[in-house]
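Here the structure comes first, spelled out in structure tokens, and everything after it is commentary.
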Amino acid sequence: MKGYAGKLLRVNLSDRKISKEEISESLKKDFLGGRGFAIKLLWDEVKHVDPLSEKNKIIFSTGPLSGQLLPSAEKMVIASKSPLTGGYGDGNIGTMASVHLRKAGYDAVVVEGKSEKPCTLLIEDENVKMVESPELWGKDTFEAQDLLEKKYGKNSGILLIGPGGENLIPISTVMSQRGRAGGRPGMGAVMGSKHLKAIVIKGTGNISNFDDPKLRELGKKGYEEIKTKESLDFWMRQGTMQAFDWCNENGCLPTYNFKEGVFEFSKEMDGYILEKLHVDRKGCPMCSMQCGHVIKDSENQRAELDYENVGMLGPNIGLKSLPQVALLNRMADEWGMDTISLGSGIGFLMEASERGLIKEKIGWGDFETARKLVQEIGKGEGTGALVSKGVKAASEAIGKGSHRWAMHVKGLEISAYNCHGCPGMALSFGTSPIGAAHKDAWIIAWEISTDRFSYSKEKVQKLIEFQRIRGGFFESATVCRLPWVEVSFGLHWYPEYLEAITGNRMTWEDLYQIGDRIYNLIRAYWKREIPQFGRAWDRPPDRWFEEPHSQGKMKGVKIDREKYEEMLSYYYELRGWDENGIPLRETLDAFGLKGVAKEMMGS
Amino acid sequence: MNVAQALRPAYIARLKPCATKFKPFRALGNKLAELKFFGYLSDIVGSRGKEVNLEKPIPLREMLPSPFPETNIIILINEKVGGLDSLIQDEDSVVLMPILSGG
């Protein structure tokens with residue numbers, strides 16, 4: 001099939017063996033790329049291992065759209081068995097590394113084993129080698145990026161970890177280009193466990209597509225369509241931060257560890273304030289609507305903001321100053337840690353302090369202590385150590401009912417949407433295949449636009465449709481979903497792009513099939529790796545069911561537990577899973593996943 | 001004046017009631033209809049909010065610039081989902097916002 005490099009690069013850091021393998025036609029056809037390739041590789045190769053042992057593998061995987069001159073086609077997926085959740089973990093990242101990997105002639109890289117000393121993996125087209133790099137170990141991601149650019153060239157594709165990953169902190173991410181981050185469920189820690197500080201990629205080739213002139217024409221038309229969008233100008237001014245006052249208005253802004261859905265200081269830090277403080281824009285290659293807004297933080301350093309990190313490091317910890325939030329965010333990027341999990345962890349500690357469950361006094365909005373906590377979490381020391389393995393582990397450590405307000409699903413912290421009044425979005429977090437991430441099915445806007453408080457079958461059907469598009473297609477193609485979601489870029493473009501790239505005509509129905517196959521295999525992976533895995537893993541925290549909001553328009557609102565369970569059962573029915581959420585043998589067989597059912601059940 | 005007040009667009013502070021059809025004598029204490037606009041919809045309207053004094057119930061679309069986006073928007077009238085043809089009257093609270101993602 002055209003449009004793929006057709007090669008997988010495998011690097012074993014233990015014995016320094018480097019090999020290049022053909023990617024089969026069936027893998028391309030059945031799993032598309034990105035997340036699809038990743039779960040198939042993990043299913044086949046990573047079984048019952050400690051995520052931080054050298055037996056785990058980390059996969060850097062692109063898809064047929066990656067690196068093409070198409071709107072926002074710059075993503076790759078980083079996946080592994082997660083040290084945070086114990087199940088399947090992945091994240092996407094927009095980076096020059098994706099473009100360079102494809103130009104170097106590879107669709108995916110599998111890194112296995114463990115280097116004796118800190119190293120950098122250097123990929124220059126056909127030439128691949130491990131380079132010892134002790135001088136980079138201990139450096140933050142900004143400093144290390146500078147040193148790598150100086151050594152290998154400014155335009156190299158670079159993926160790297162910070163001290164968080166080196167210290168095996170399970171909420172650490174993989175970083176790129178001073179602020180791009182991916183791999184929330186601890187992908188940075190997996191790199192750290194392998195002593196792999198960075199991957200530098202320099203590709204000089206071209207991707208061979210089925211019909212390049214057609215693809216160029218379609219790409220041009222796509223970029224032109226985006227330029228005509230009425231919402232583009234506002235998007236360019238506020239980016240994802242337009243969601244801030246939107247969420248506050250709808251009572252779903254995460255506030256005080258998700259206790260409330262409105263923040264009394266929201267007007268002091270919303271998208272309009274961001275506009276005034278904006279000094280620069282950052283983003284991914286190929287993107288004509290870059291989302292990163294740079295402001296000067298409270299130390300007068302440049303820091304990039306978006307809605308998720310402002311929501312979680314702002315109202316969720318009671319902090320009302322955007323420059324102070326920006327500083328915490330910059331620290332998270334430097335340390336290579338996930339801002340969502342970090343905000344959730346700090347919020348958890350503040351609430352634990354308020355309830356007298358820890359001896360330290362940490363008030364809501366206490367910036368100086370929050371700043372200290374970021375470092376402690378990154379080192380796994382002091383008070384911060386409690387949440388450095390995530391809020392699930394923290395609640396298990398302190399007990400006393402804290403699991404009720406440890407805001408996670410499957411061990412992954414919930415991103416910045418409070419769902420007391422959004423049962424469909426709660427189900428979206430509940431059934432996301434990596435834990436409580438918003439990337440798979442952001443149904444909340446559709447939900448509010450229709451029948452917000454219902455627990456309807458239509459809502460569950462819509463959720464699965466979103467999962468197929470977002471978690472199935474976009475994560476596997478791999479391409480950014482934001483042009484579609486934020487400025488209504490037409491979904492019809494993508495099958496057209498795929499046809500020009502691969503020569504295969506595919507409908508959205510075909511792509512849904514691939515998405516469903518991927519979801520089923522991920523589900524089976526969780527079950528195989530965690531034998532007790534089941535329905536309980538798909539439930540959001542008790543707070544959303546038991547503690548109604550006390551303020552704002554959503555005062556008194558909470559989710560009905562029984563009705564949530566009814567939606568969950570219907571979700572399983574539509575997915576072809578049993579009442580415990582385990583894929584039925586006939587479902588797996590129907591997607592061509594032969595033998596998976598047996599292995600999943602450990603027999 | 002705090003940072004937020006200093007940075008807030010001046011037009012927000014100057015918001016004045018903007019009527020499509022004024023009542024000649026508005027009963028004392030009668031609340032106006034309030035419209036709030038989010039995201040790029042505020043650009044189209046030229047304001048993040050306005051209050052409107054209505055003689056009689058009128059369709060929402062008559063209070064908005066034309067053309068106004070018909071799809072991918074959320075319309076809430078008194079917290080309930082409405083449409084551009086919903087009738088608006090005094091004391092109604094109307095929120096118009098785009099479908100968006102947040103990241």
* Counting other beta carbons within 10 Å of each Cβ, put A:VAL109, A:VAL200 in order, fewest first. => A:VAL200, A:VAL109
* Asked: Normalised by the number of residues in chain A, what is the relative contact order in percent for Cα pairs under 8 Å and 6+ residues apart?
  -> 16
* Assigned charges on the beta-carbon of Lys, Arg, Asp, Glu; the protein assembly as shown dipole about Cα centre (debye) -> 520
* To do: Using Cα centres only, tell me the gap between the range A:308-345 and the range A:513-548 in whole Å.
  => 27
* To do: Could you tell me the largest-minus-smallest coordinate of the C-alpha atoms of the range B:27-98 on each of the three principal axes, in descending order and whole angstroms?
  => 36, 22, 20
* Asked: Sequence-distant or interchain residues sharing an amide H contact under 5 Å with A:GLU260, placed H: which?
  -> A:THR255
* To do: Pick out, from B:GLY83, B:ILE58, B:PHE38, the residue whose Cα sits farthest towards the positive end of the charge dipole of the range B:27-98, with +1 on the Cβ of Lys and Arg and -1 on the Cβ of Asp and Glu.
  => B:PHE38
* Estimated vicinal HN-Hα couplings, Hz - the range A:23-40 in sequence order (Karplus 6.51, -1.76, 1.60; Gly, Pro = x) -> 8, 5, 4, 5, 5, 5, 5, 8, 10, 6, x, x, 4, x, 4, 4, 5, 5
* To do: State, to one decimal in nm, how far the label point of A:GLU360 lies from the label point of A:ASP510, with both points 7 Å from Cα in the Cβ direction.
  => 5.4
* Roughly how crowded by other chains is peptide B:88-101, in terms of the mean Cβ count from those chains within 10 Å of each of its Cβ atoms? -> 5
* Note down the magnitude of the dipole of the range B:27-98 about its Cα centre, charges +1 on Lys and Arg C-beta and -1 on Asp and Glu C-beta and zero elsewhere, to the nearest 20 debye. => 120
* Asked: What Kirkwood hydrodynamic radius, in Å, does the protein assembly as shown give when the mean of 1/r is taken over all pairs of distinct Cα atoms and then inverted?
  -> 25.7
* Asked: Of A:MET554, B:THR71, A:VAL487, which is farthest on the positive side of the dipole of the protein assembly as shown, counting Cα position, with +1 on Lys and Arg Cβ, -1 on Asp and Glu Cβ, and the Cα centre as origin?
  -> A:VAL487
* Structure fact -> If unit charges are put on Cβ atoms (+1 for Lys and Arg, -1 for Asp and Glu) and the dipole of chain A is taken about its Cα centre, the option from A:SER353, A:SER298, A:GLY390 lying farthest towards the positive end turns out to be A:GLY390
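Share of Cα-Cα pairs in the range A:1-69 beyond 19 Å, in percent?
38
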* the range B:27-98: relative contact order as a whole-number percent, Cα under 8 Å and 6+ apart -> 44
* Per-residue Cβ neighbour rank within 10 angstrom, fewest leading, A:VAL596, A:VAL99, B:VAL45, A:VAL131 -> A:VAL131, B:VAL45, A:VAL596, A:VAL99
* Structure fact -> When A:CYS284, A:CYS422 are arranged by how many other beta-carbons sit within 10 Å of their Cβ, fewest first, they go A:CYS284, A:CYS422
* Asked: Straight-line reach from A:LYS202: which lysines have Cα under 21 Å away, leaving out those fewer than 8 places along the same chain?
  -> A:LYS7, A:LYS17, A:LYS20, A:LYS75, A:LYS103, A:LYS129, A:LYS150, A:LYS151, A:LYS154
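Roughly how crowded by other chains is peptide B:35-43, in terms of the mean Cβ count from those chains within 10 Å of each of its Cβ atoms?
5
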* State the Cα centre-to-centre distance between the range A:346-403 and the range A:63-120 in whole Å. => 32
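For the range A:449-490, with only Lys/Arg (+1) and Asp/Glu (-1) charged at the beta-carbon, what is the dipole magnitude about the Cα centre, in debye rounded to 20?
The calculation lands at about 120 debye.
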* To do: Kindly provide the helix-only [θ] at 222 nm of chain A, computed as the sum of -39,500 (n - 2.57) over DSSP H runs of four or more divided by all residues, to the nearest 500 deg cm²/dmol?
  => -11500 deg cm²/dmol
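Readers should treat all values here as calculations from the given coordinates under stated rules, not as data from a laboratory. Remember, predicted model here, so these are calculated numbers, not experimental data. So basically every Cβ, Gly included, is an ideal-geometry build from the backbone, and we count neighbours across all protein chains shown.
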